[in-house]
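Here the structure is laid out as structure tokens; the discussion comes afterwards.
The values are calculated or read from the model by the stated rules, or taken from the named source; none is laboratory data. Note that the coordinates shown come from a computational prediction; the quantities given were computed from them, not determined experimentally. Just the protein is used for accessible areas: all its heavy atoms, side chains included, with ligands, DNA and RNA removed. Shrake-Rupley method; radii C 1.70, N 1.55, O 1.52, S 1.80 Å.
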Amino acid sequence: MKLYHGSNLAVTEPRLLQSDRKLDFGAGFYLTSSYEQAERWAFLTARRRGEGSQIITVYDLDEESLEKLDVLRFDSASEQWLKFVSKNRYLKDYTDDFDVVIGPVANDRTMPVIRLYFAGIYDEAETVKRLLPQKLKDQYAFKTEKALKILRCSEVKQL
């Protein structure tokens, strides 16, 4: 399986970096199976950092190797997904023990709905109902060194 990482630089040897950014699945190295999503991430990262160019690093993943890891998978936006994303984005010092987390991206279009959930205007069921039509792209968060070892960089594309 091909996975893509969009950034402002080539990342041929992924690392786990400490960040103060609150991400959907917590700290980790993020990839997607959507080339278009990686293009968007590359554009946004280059713009946010104000340096580098838009680059997509392509990885090969042997899906059988995932079976040897502790993987949490969300097939769609669900109440469980919403709770997990909420913990990672809004609870200070929240951590988990998963090697890899796979599921939909809470992006710029979803955040207004999620903010209304946090404000208590929507309950979990209503929030998920409003997110489902948005055709959310996927993301793979590789959260441990053990998980990073199953990735193989195969190509770097400058946009």
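General remarks:
- The mean accessible area for residues of the chain, using a 1.4 Å probe and ignoring ligands and nucleic acids, is 57 Å² per residue.
- Kirkwood-type radius of the stretch 120-159, with distances r between different C-alpha atoms, in Å: 14.1 Å
- Cα-based shape type of the stretch 7-52, given that a ≥ b ≥ c are square roots of the gyration tensor eigenvalues and the cut on a/c is 1.5: rounded
- For the set Glu145, Glu124, the ranking by accessible area, highest first and with no ligand, DNA or RNA atoms included, is Glu145, Glu124 under a 1.4 Å probe.
- Radius, Kirkwood style, for the stretch 24-100 when every pair of distinct Cα atoms is counted (Å): 14.8 Å
- Carbon plus sulfur fraction of accessible area for the stretch 1-121, probe 1.4 Å, in percent: 47 percent
- Given Lys2/Lys129; Lys87/Lys135; Lys2/Lys143; Lys129/Lys149, the pairs whose alpha carbons are separated by over 27 Å: Lys2/Lys129; Lys129/Lys149
- Whole-Hz couplings from phi, Karplus 6.51/-1.76/1.60, listed for the stretch 26-32; x for Gly and Pro: x, 5, x, 9, 9, 9, 9
- When Asp138, Asp93 are compared by accessible area at a 1.4 angstrom probe, the order from most to least is Asp93, Asp138.
- Translational D in µm²/s for the chain (Stokes-Einstein at 37 °C, 0.692 mPa s, Kirkwood Rh from C-alpha pairs): 202 µm²/s
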